[in-house]
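Only one structure is covered here, and it is reproduced in the block below.
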Amino acid sequence: MNHVDSYAHDPDGFLYDPRARAAMAWIAGDDGDLPAFEASAAVRTASHAVERLRSHGSEGRGVSAGALDLLIRLAASEQGISIGELARAAGVSSRNVTGLVDTLERDGLVRRVPDPNDRRSVLAEITPAGRAWIEDFRKPSRLAMKALFQGFAPEELVVLRDLCLRLAVNQQRLAAHLRQNGSQP
């Protein structure tokens, strides 16, 4: 696990991880791709940090991080959402979402309701207990996000969001290209 004191500043004053730089330099070789490899390692480190914080906050309340994502999506919706839609939005399989909905339903936070547009289908819908759970989760989440992003200007957060989503778009394009050419991403 990385600790703040394991990072260093480069000559321009930017943080970097000397251990990641050494490992990535070996992988990148002499092609000048080291910045991309280091950025990838930094994104992974940041992602793990955010997930550790989210897991700590949600599991301390008896809900996994994946279940938390579903609760947030359902709380933001005025009506139920299909398992397939939840799976697509979360980027996971319908089977995974079904298991999460089963758990949340057992805990009384979500219920299945008939789809008014397709009587063969059901929707997942947040219950009043689920809404109360999310409401109790909001204040500590706000405090945690303020602490996590302390020292970032609002403009920096917009750039960070944009950069992360551009990475996701590039990954999606690469995955589509690989699928089209018979390789798996």
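Quick note: the coordinates plus some simple rules give every number you see, no bench work behind them. The shown structure was predicted, so the numbers you read here are calculated from the model rather than taken from an experiment. Backbone-built Cβ (ideal geometry, glycine too); neighbour counts: all protein chains shown.
So here's what we get for this one:
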{"read-out": "q = 0.13, 0.26 Å⁻¹, the stretch 68-148: log10 I(q)/I(0) [Debye, one scatterer per Cα]", "value": "-0.41, -1.26"}
{"read-out": "Under 10 Å, Cβ to Cβ, from residue 123 - net charge with Lys/Arg +1 and Asp/Glu -1", "value": "-2"}
{"read-out": "Residue-count net charge about residue 169 - beta-carbon cut-off 14 Å; Lys, Arg +1, Asp, Glu -1", "value": "+2"}
{"read-out": "Span-rule helices in the chain, defined as complete DSSP H runs reaching 27 Å or more along the axis (Cα) with Kyte mean at least -1.0", "value": "34-59, 128-148, 154-180"}
{"read-out": "Highest-MSF residue in the chain out of 28, 67, 75 [GNM, Cα springs under 10 Å]", "value": "28"}
{"read-out": "Contour minus Cα-Cα distance for residue 96 and residue 156 (0.36 nm per residue)", "value": "18.2 nm"}
{"read-out": "Candidate values [x] 19.5; [y] 17.1; [z] 16.6, label of the one derived for Kirkwood radius over Cα pairs in Å", "value": "[x]"}
{"read-out": "Rh (Kirkwood; distinct C-alpha pairs) - the stretch 133-185, Å", "value": "13.9"}
{"read-out": "Expected 222 nm ellipticity per residue - DSSP helices of 4 or more, -39500 (n - 2.57), all of the chain, to 500", "value": "-21000 deg cm²/dmol"}
{"read-out": "Among 27, 83, 126, residue whose mean-square fluctuation peaks in a GNM of the chain (springs only between Cα atoms under 10 Å)", "value": "27"}
{"read-out": "Calculated over the stretch 21-103: convex hull of Cα atoms, volume per residue (Å³)", "value": "131"}
{"read-out": "Alpha-carbon centroids, the stretch 26-85 and the stretch 115-185: separation in whole Å", "value": "8"}
